[in-house]
Amino acid sequence: MAQGWFRTHCARFDHGGCGLKVFTKNGRIDKVVPDPDDPFSHGWHCRKGLSAKERLENPLRLTQPLRRNGPRGSGLWEPISWNEALDQLAQAFSKALHARGPESLAFAQGAPKGPEFFLLLRLANLLRCPNVAGSQHVCHMPREQMALVTCGFFPVADLHGPSRCVLLWGSNPTATNEEGVLGGHLHACLKEGARLVVVDPLKTGLAEKADLWLQIRPGTDDLLAMGFLHVILEEGLYDHGFVEQWTVGFDDLRQAVRPYTPDRVAAGCWVDKEKITAAARLYAQSRPACLQWGNAVEHTPNSADTCRALVHLMAVTGNLEEPGGNVRTEMPRLMALKDMIALDDFPDRPKKLLNHHHGILPRLISVPGWMVVESILHQAPYPIRCLYVQGTNPMLSYSEAPSVKRALESLDFLAVADQVMTPTAALADLVLPIALPMEYDDIGHYGLPHGFVTARPKIVDPPEGCRSDLWILNEWGKRMGLAERFWDGPQDILEAILAPSGFTYREFCEKGVLFGPKRFRTYRDKGFKTPSGKVELRSSLLEKWGFRALPVAEDPLALPSDFPLLLTSRKPKDFFHSAYRHLDSLRKNHPEPRVWVSRETATQLGIREGQDVAVETAHGRIRQRAHVTEALRHPVVLADYGWWFPEKTEDPLRGWDTANLNMITAVGRTDPVMATPQVRAIPCRIVPG
Ligand SMILES: Nc1nc2c(c(=O)[nH]1)N[C@H]1C(S)=C(S)[C@@H](COP(=O)(O)OP(=O)(O)OC[C@H]3O[C@@H](n4cnc5c(=O)[nH]c(N)nc54)[C@H](O)[C@@H]3O)O[C@H]1N2
Ligand SMILES: Nc1nc2c(c(=O)[nH]1)N[C@H]1C(S)=C(S)[C@@H](COP(=O)(O)OP(=O)(O)OC[C@H]3O[C@@H](n4cnc5c(=O)[nH]c(N)nc54)[C@H](O)[C@@H]3O)O[C@H]1N2
Ligand SMILES: [Mo]
């Protein structure tokens with residue numbers, strides 16, 4: 001490969017996708033620097049994005065397919081060829097398919113990295129298998145789906161417009177670079193003079209900068225959102241013209257929010273009522289204002305109504321589709337997602353989904369991971385016996401990790417495609433070593449509602465034994481007797497995706513980013529894409545499907561005396577969920593799992609900075625290192641999520657259960673619409689020593 005500089009984009013080390021410049025020497029990466037000329041990120045970047053060389057050349061990387069050669073989870077493997085690996089994969093799935101039907105198969109992926117998630121869905125749909133497990137029920141779908149039923153589009157904070165106020169709700173974009181919204185965009189917007197309101201139990205860097213910081217009790221976002229609506233509607237601060245012309249159900253909403261008085265909300269959320277009122281007024285009276293919401297609002301069993309109340313806030317303040325408000329993004333012209341996933345080949349899919357069996361929203365494209373775990377364990381409504389895992393580490397990321405382990409152990413066949421031997425891969429029958437971004441041609445952000453796609457060209461060769469997900473799925477599809485529905489090679493997939501844009505893959509790489517058209521206030525011509533053509537504050541769709549037509553918030557329960565602290569978490573700044581703890585340049589900033597406790601909690605319990613402690617909930621116990629902080633208030637504690645220890649190679653499961661936050665979460669009660677378990681706001685205690 002030639003020596004020189006190449007331009008590419010980061011491949012979702014978080015959600016960002018920042019522009020990078022890569023220098024290669026002798027066919028290897030020499031250095032990676034941010035690209036100041038990138039039209040999307042303008043030089044914004046993070047440490048993770050710059051660690052590519054270390055990731056590609058890491059000694060812990062898997063470089064050949066491995067077949068289990070001992071009891072499950074024993075760490076005994078036999079290297080095999082790709083031909084043997086694909087044969088085993090195709091045979092195991094075909095055997096179950098013919099013996100027990102497509103419902104006995106399942107696939108799993110976490111946060112999508114590129115088109116591979118949609119190719120996985122394609123394979124499943126062509127096999128008429130409804131089980132593609134995902135994390136969407138705790139990641140984006142509550143926000144996306146509740147927005148779709150309410151206003152017909154996913155409203156993205158427009159930090160590029162003339163925003164006068166940003167309401168940052170359970171979101172920390174300087175660390176997580178949420179979906180098309182980079183921390184850099186937020187900084188620029190604040191520099192232009194926008195006011196900032198932050199709703200977060202933790203004093204983040206952004207909370208420190210905020211005009212108003214509402215240090216909310218974790219898990220009470222539904223109550224606070226209803227409180228904001230109460231203030232805005234009772235004080236007449238809503239956009240009267242918009243509400244009258246473009247909404248239905250306003251009077252019902254007014255009734256629904258009336259009981260959520262500032263006194264009641266203040267008591268439940270642990271925020272002063274004056275602050276609640278001031279924040280609601282500031283948001284409603286600054287025009288335009290945008291609401292940037294984060295993952296925290298969709299981590300309780302009331303996730304749907306929490307998200308819906310936040311969409312109502314954007315709507316009644318007249319900020320939907322306004323420049324500088326919350327806008328509708330449009331993708332550039334590319335292959336329609338429904339064609340990529342071959343949706344029309346599986347018309348009875350909605351009825352076959354476990355989602356249907358559990359009576360949740362009939363529109364989700366993936367199955368909440370815990371439902372697949374339950375089906376494996378209880379063989380109901382049908383037994384799942386074969387699982388293919390791509391780009392997810394359920395042993396760390398699914399709630400109730402002990403159940404996940406039991407389920408994976410009981411399968412007839414488990415195959416895992418990953419870059420290192422994760423605790424999930426360690427339980428597999430077959431482990432497939434993947435090629436990483438920069439080692440194959442790829443398209444970033446395809447299929448996601450961000451309004452753009454990024455070029456991620458191949459820059460260096462992968463290790464000889466590694467293959468991209470696109471290659472694996474395409475070859476596997478052909479071996480499942482579906483040759484006419486797959487492509488000659490991965491390059492043809494990319495060209496097919498890009499064909500409607502008129503660009504070839506090479507031309508796309510020259511451009512770097514393709515943006516969709518930016519349009520505002522389109523509803524004035526076409527109405528909103530809801531049954532009534534208006535914003536449905538009272539949702540006819542949810543009502544039709546048997547759910548509540550209006551949002552309801554719950555008052556939090558008192559903390560039990562045996563678990564007097566309240567546990568929450570956030571995404572790790574230096575890692576992506578459970579991944580990348582094997583990269584020294586990242587690990588050195590964050591060498592071990594930490595649980596943050598307030599000074600008051602520490603004093604009460606006699607905890608010192610840096611002391612190892614146990615964090616216990618009703619579901620179990622883990623150990624992390626205590627960090628005493630002024631950034632939290634008693635009795636809130638914030639534990640690290642996603643921890644296992646890739647360096648513990650003497651343990652086949654790599655210390656998967658000692659510090660893993662999901663050892664102490666449980667599925668239990670879930671949101672009736674979205675199937676979200678209680679991920680944050682869990683009663684806990686801390687035991688020193
Ligand atoms: N560095 C990094 N970036 C990532 C990821 C990663 O793993 N690492 N993951 C990506 C993915 S898949 C996602 S979904 C996004 C998520 O990114 P974000 O939406 O930013 O979500 P989190 O970091 O989980 O939490 C955001 C904030 O919520 C606060 N918080 C905790 N509990 C509560 C609560 O009950 N209420 C409120 N209002 N706030 C609360 C936390 O203190 C934190 O500051 O990040 C993406 N980007
Ligand atoms: N307690 C708790 N649980 C949570 C959350 C939380 O905040 N708290 N957050 C939830 C959220 S928002 C999400 S999105 C999920 C995420 O859940 P997961 O997606 O399961 O999380 P990751 O740890 O990122 O797992 C991804 C795996 O894919 C591998 N990988 C990376 N790139 C590729 C690739 O290109 N191909 C393949 N085949 N593998 C690749 C990585 O090495 C890693 O092992 O977790 C959810 N679980
Ligand atoms: Mo996520």
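The values are calculated or read from the model by the stated rules, or taken from the named source; none is laboratory data. No experiment lies behind these values; they were computed from the predicted model shown. In this analysis, Cβ positions are derived from the backbone assuming ideal geometry, glycine residues included, and neighbour counts consider all displayed protein chains.
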Answer from R195, R217, R254 - the residue that is farther than 15 Å from P551 by Cβ, basic (K, R), assigned by TED's automatic domain parsing to the domain that holds E274 and away from ligand 1 (no atom under 16 Å from the Cβ):
R195
Of all helices (runs of 4 or more DSSP H) fully inside the range 389-488, the set with 3 or more residues that are of a type outside the set (A, V, I, L, M) is 401-409, 469-477
Please determine whether any residue of the range 117-125 is away from ligand 1 (no atom under 16 Å from the Cβ), in the same structural domain as D441 (by TED's automatic domain parsing) and of a type in the set (G, A, S).
yes
Return the only residue of K478, K518, K526 being farther than 27 Å from L583 by Cβ and in contact (Cβ under 8 Å) with a residue 60 or more places away in the chain.
K518
If you go through the range 625-632 one residue at a time, do you hit one that is touching a residue at least 12 places away in the same chain (Cβ under 8 Å) and within 19 Å of A296 (Cα to Cα)?
yes
A499: passes all of (1) assigned by TED's automatic domain parsing to the domain that holds P423; (2) away from ligand 2 (no atom under 16 Å from the Cβ); (3) surrounded by 16 or more Cβ atoms within 10 Å (Cβ to Cβ) but (3)
For the range 568-582, which residues satisfy the criterion of being more than 6 Å from ligand 2 (Cβ to nearest atom), in a loop (DSSP other than H, G, I, E, B) and at pLDDT 95 or above?
R570, F575, Y580, R581, H582
Scanning the range 109-131 residue by residue, those within 16 Å of ligand 3 (Cβ to nearest atom) and in contact with a Phe, Trp or Tyr (Cβ under 7 Å, 6 or more places away or on another chain) turn out to be Q109, G114
Out of (1) in contact (Cβ under 8 Å) with a residue 40 or more places away in the chain; (2) within 21 Å of P449 (Cα to Cα); (3) part of a loop (DSSP other than H, G, I, E, B), the odd one out for F503 is which?
(1)
Considering (1) more than 29 Å from W370 (Cβ to Cβ); (2) within 16 Å of ligand 1 (Cβ to nearest atom), say which one A11 fails and leave the rest.
(1)
Being more than 16 Å from ligand 2 (Cβ to nearest atom) and assigned to a strand (DSSP E or B), is that true of even one residue in the range 514-526?
yes
Could you list, in sequence order, the residues of the range 44-59 that are in contact with a strand residue (DSSP E or B) (Cβ under 8 Å, 6 or more places away or on another chain) and within 17 Å of E464 (Cβ to Cβ)?
L56, E57
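Here's the yes/no breakdown for (1) surrounded by 14 or more Cβ atoms within 10 Å (Cβ to Cβ); (2) more than 16 Å from ligand 2 (Cβ to nearest atom):
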| site | (1), (2) |
| --- | --- |
| G4 | no, yes |
| C10 | yes, no |
| V22 | yes, yes |
| D35 | yes, yes |
| E57 | no, no |
| L62 | yes, no |
| P65 | yes, no |
| G70 | no, yes |
Scan E609, E554 and give me the residue that is modelled with pLDDT under 95, away from ligand 3 (no atom under 16 Å from the Cβ) and outside the structural domain of P301 (by TED's automatic domain parsing).
E554
Every pair of residues 6+ apart whose Cβ atoms lie under 6 Å, when the first sits in the range 216-234 and is at positive phi while the second is within 10 Å of ligand 1 (Cβ to nearest atom):
G219/T300; G219/R680; G219/A681
Output the number of residues of the range 639-680 satisfying the condition of being among the β-branched types (V, I, T) and within 16 Å of ligand 1 (Cβ to nearest atom).
4
Can you name the number of the only condition in (1) at pLDDT 95 or above; (2) more than 16 Å from ligand 3 (Cβ to nearest atom); (3) out of contact with any Ser or Thr (no Cβ under 6 Å at 6 or more places or on another chain) that G152 fails?
(3)
Is it the case that the range 654-665 has a residue that's over 21 Å from the mean Cα position of the chain (by Cα), among the charged types (D, E, K, R) and at pLDDT 95 or above?
yes
F645 versus (1) within 13 Å of ligand 2 (Cβ to nearest atom); (2) farther than 23 Å from H299 by Cα: which is the lone unmet condition?
(1)
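Each row is one residue, and each column tells you yes or no for (1) surrounded by fewer than 20 Cβ atoms within 10 Å (Cβ to Cβ); (2) more than 14 Å from L233 (Cα to Cα); (3) in the same structural domain as P500 (by TED's automatic domain parsing).
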position: K273; (1), (2), (3): yes, yes, no
position: L291; (1), (2), (3): no, yes, no
position: H299; (1), (2), (3): no, yes, no
position: C307; (1), (2), (3): no, yes, no
position: V316; (1), (2), (3): no, no, no
What is the number of the single condition among (1) at pLDDT below 95; (2) away from ligand 1 (no atom under 16 Å from the Cβ) that F107 does not meet?
(1)
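Residues checked against (1) polar (S, T, N, Q); (2) touching a Pro at 6+ places or on another chain (Cβ under 7 Å):
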position	(1), (2)
P130	no, no
A147	no, yes
C151	no, no
S163	yes, yes
V197	no, no
If you go through the range 24-33, how many residues are under 11 Å from V460 (Cβ atoms), crowded, with 18+ Cβ neighbours inside 10 Å and either without any contact (Cβ under 8 Å) to a residue 24 or more places away in the chain or within 16 Å of ligand 1 (Cβ to nearest atom) (or both)?
0
Filter result (polar (S, T, N, Q) and in a helix (DSSP H, G or I)) within the range 273-332
T277, Q285, N295, S303, T306
G19 fails exactly one of (1) farther than 24 Å from D584 by Cβ; (2) among the small types (G, A, S); (3) assigned by TED's automatic domain parsing to the domain that holds D492, namely (3)
